[in-house]
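To start, the structure itself, in structure tokens.
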Amino acid sequence: MEILRKELIELREYQINIANTAMKYNTLVILPTGTGKTIIAIIVAANRLTKYPESKILMLAPTRPLCAQHKKTFEKLLKIEPSKIALITGKIPAQDREYLYKISKIIIATPETIRNDLENNRLRLDDFSLLIIDEAHRCVKEYAYTYVAKVYKEQSKYPLIIGLTASPGSEKERIEEIKRNLSIEKVEIRTGKESDIAKYMKKIETYFVYVDLPNELKVAISYLNDLRNELIKWLKEKNVISDENLKKKEIVNLYKEFVEKSEEMNLNQYVKFAIITKIIQLIKVDYMLELLETQSSHFFLEYVEKLKNSKKAYEKALFEDVRIRRAYEIVKQYLSLNVPHPKLVKLIEIIKKLIEVNKNVKIIVFANYRATVDYIYKSLQKENIKVAKLIGQAKKGKDKGMTQREQIYTIRNFAEGYYNVLVCSSIGEEGLDIPKTDYAIFYEPVPSEIRFIQRRGRVGRQESGKIIILLTKGTRDEAYYWAAFHKERKMKRLMIKTKEELEKEIAL
């Protein structure tokens, strides 16, 4: 019996070519978003179920909304009873999960749940003939993908792995780790220009919209930069760092790296404490600069007020620095004029114009921080714009996130046209298929090539789309954009080279 519903699939040349490879080898598939990576996985799954009729398929995806989306696609494209295709998450009681594992042919699950059930002997992977890893760029370090893949390779009678991603990263070490964790034998990459895929690519146009910071904020930023430079200089003098041109990621990782190295440095406790204090202060000052340059002045004010009221000595000491206090007073005075960040003003202006031209337009707005998402969402509501927001699940503390049910409901309503605008945190970047989105607006660029590619992939899936990137002149916005741009180019070169190297190994 033919399992695949071929009449419902527009089988494309590149999908067939890649699927043919993935049926024989553990394969990492790197394709632009919206080009049907899931369909390739389904073609391979149908082949495995035909070859091993008693076997099962396991597909992992990082979020429940994404798992729910994959379940629908499998139900639509395979001639398998929907009741045999299970969506498994930690929300389902353990006893019910065990039952679903027994009766299901295809299991689509979040990786943490599968790891938990493997560790607690609720599940074995002996009879699974295919492991599909979606968003395979996550298969590094201690992420649950790594553990599940290891157990699968140990237990499965007929193991085969396919990893799917649009952007595995630009660092050779990361690529090697993904390959190692998934036992990758072949890489299938398409940049969009190859002969078998080029005709299917939809045009995506990118526009840059620059805004100027008001002079008041520029002065406040200059005070913060002066303090930042002083902290970096101090750390360099203590041989904690060697390069003064630290990037955001390097600053964020500095604390962990120093703590690990300090064990070997034989420092006395006073010196060690002083260095750790300076590192933490540097991280906080850099974060303040990001808030002021790229997000919103009132977030900066709220953050500094937390320092002011903190009981921690190093935070109080930071607030007592005259440069922090001056920046704080300047921003406080500026905000008393009730003027929003120029980015928000420009964003509202752009969205209003787009809706005037087309009342059914669909726009996704991406922002880095939940507080910014909420700020944009409430501001657009005040303008009577039909807007929804999409953020991750609630974390510990006062953070009010969205339940998985709320996330799925929101995505569906946006897809069906109840809203013109969907304001997203990073949860909207990975994998979600929202058809016919006309515009993606980046409230700020991201320095990560992985996240940049994923954001861009929300448009141009079925029709041509447009991207608008808001940039504050003379700030890290510009540096972040170019960082992601160059990393993406490096990633493509690296993956093409990796593909060639693997092909040579197999030929030998």
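The values are calculated or read from the model by the stated rules, or taken from the named source; none is laboratory data. In this text, all values refer to a predicted model and were calculated from it rather than measured experimentally. Please note: Cβ atoms are built from the backbone with ideal geometry, for glycine as well, and neighbour counts cover all protein chains shown.
Observations on the structure shown:
- Against the test of being loosely packed, with under 15 Cβ neighbours inside 10 Å and within 30 Å of Thr146 (Cβ to Cβ), the options Glu188, Glu205, Glu237, Glu176 yield a single qualifying residue, Glu176.
- Some residue of the range 51-65 being surrounded by 22 or more Cβ atoms within 10 Å (Cβ to Cβ), farther than 23 Å from Lys84 by Cα, in contact with a helix residue (DSSP H, G or I) (Cβ under 8 Å, 6 or more places away or on another chain) and of a type outside the set (A, V, I, L, M): no
- Verdict on Lys72 being within 25 Å of the chain's Cα centre (by Cα), more than 19 Å from Ser167 (Cβ to Cβ) and surrounded by fewer than 17 Cβ atoms within 10 Å (Cβ to Cβ): yes
- Long-range neighbours under 7 Å by Cβ, at least six apart or interchain, first residue without any contact (Cβ under 8 Å) to a residue 24 or more places away in the chain within the range 197-212, second surrounded by 13 or more Cβ atoms within 10 Å (Cβ to Cβ): Ala198/Gly192
- In the range 420-436, residue modelled with the highest pLDDT [restricted to those that are surrounded by fewer than 23 Cβ atoms within 10 Å (Cβ to Cβ) and more than 17 Å from Gln393 (Cβ to Cβ)]: Asn420
- Just one of (1) farther than 21 Å from Tyr369 by Cα; (2) of a type outside the set (S, T, N, Q); (3) at pLDDT below 80; (4) in contact with a helix residue (DSSP H, G or I) (Cβ under 7 Å, 6 or more places away or on another chain) fails for Glu503. It is (4).
- Within the range 302-341, the set of residues being part of a helix (DSSP H, G or I), charged (D, E, K, R) and over 32 Å from the mean Cα position of the chain (by Cα) comprises Lys308, Lys316, Glu320, Arg323, Arg325, Arg326, Glu329, Lys332.
- Asp134 falls short of the stated requirement of being surrounded by fewer than 17 Cβ atoms within 10 Å (Cβ to Cβ) and in contact (Cβ under 8 Å) with a residue 40 or more places away in the chain.
- Tally of residues being more than 13 Å from Thr27 (Cα to Cα) and either among the charged types (D, E, K, R) or in contact (Cβ under 8 Å) with a residue 60 or more places away in the chain (or both) across the range 153-167: 6
- Of all residues in the range 26-49, none that is over 17 Å from Ser167 (Cβ atoms) and surrounded by fewer than 24 Cβ atoms within 10 Å (Cβ to Cβ) has its Cβ atom under 8 Å from the Cβ atom of a residue that is at pLDDT 95 or above and aromatic (Phe, Trp, Tyr), 6 or more apart or on another chain.
- Scanning the range 181-205 for residues that are at pLDDT 90 or above, of a type outside the set (A, V, I, L, M) and under 22 Å from the mean Cα position of the chain (by Cα) yields Asn181, Glu188.
- Residue within the range 393-415 that is at pLDDT 90 or above and surrounded by fewer than 19 Cβ atoms within 10 Å (Cβ to Cβ) present: yes
- Hits in the range 1-25 (condition: within 19 Å of Tyr152 (Cα to Cα) and crowded, with 22+ Cβ neighbours inside 10 Å): Ala22
- The residues of the range 453-484 that are within 14 Å of Ile364 (Cβ to Cβ) and of a type outside the set (D, E, K, R), listed by number, are Gln454, Gly457, Val459, Gly460, Gly465, Ile467, Ile468, Ile469, Leu470.
One line per residue, one yes/no per condition, for (1) surrounded by fewer than 19 Cβ atoms within 10 Å (Cβ to Cβ); (2) of a type in the set (S, T, N, Q); (3) in contact with a strand residue (DSSP E or B) (Cβ under 6 Å, 6 or more places away or on another chain):
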| site | (1), (2), (3) |
| --- | --- |
| Ser297 | no, yes, no |
| Asn309 | yes, yes, no |
| Val373 | no, no, yes |
| Lys378 | yes, no, no |
| Ile391 | no, no, no |
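- Residue tally, condition surrounded by fewer than 18 Cβ atoms within 10 Å (Cβ to Cβ) and more than 28 Å from Ala479 (Cα to Cα), over the range 191-201: 7
- Filtered residue count, the range 237-267, keeping only those that are in contact (Cβ under 8 Å) with a residue 24 or more places away in the chain, closer than 15 Å to Lys278 by Cβ and among the charged types (D, E, K, R): 1
- Within the range 455-482, considering residues that are surrounded by fewer than 21 Cβ atoms within 10 Å (Cβ to Cβ) and at pLDDT below 85, the one nearest to His137 (Cα to Cα): Arg461
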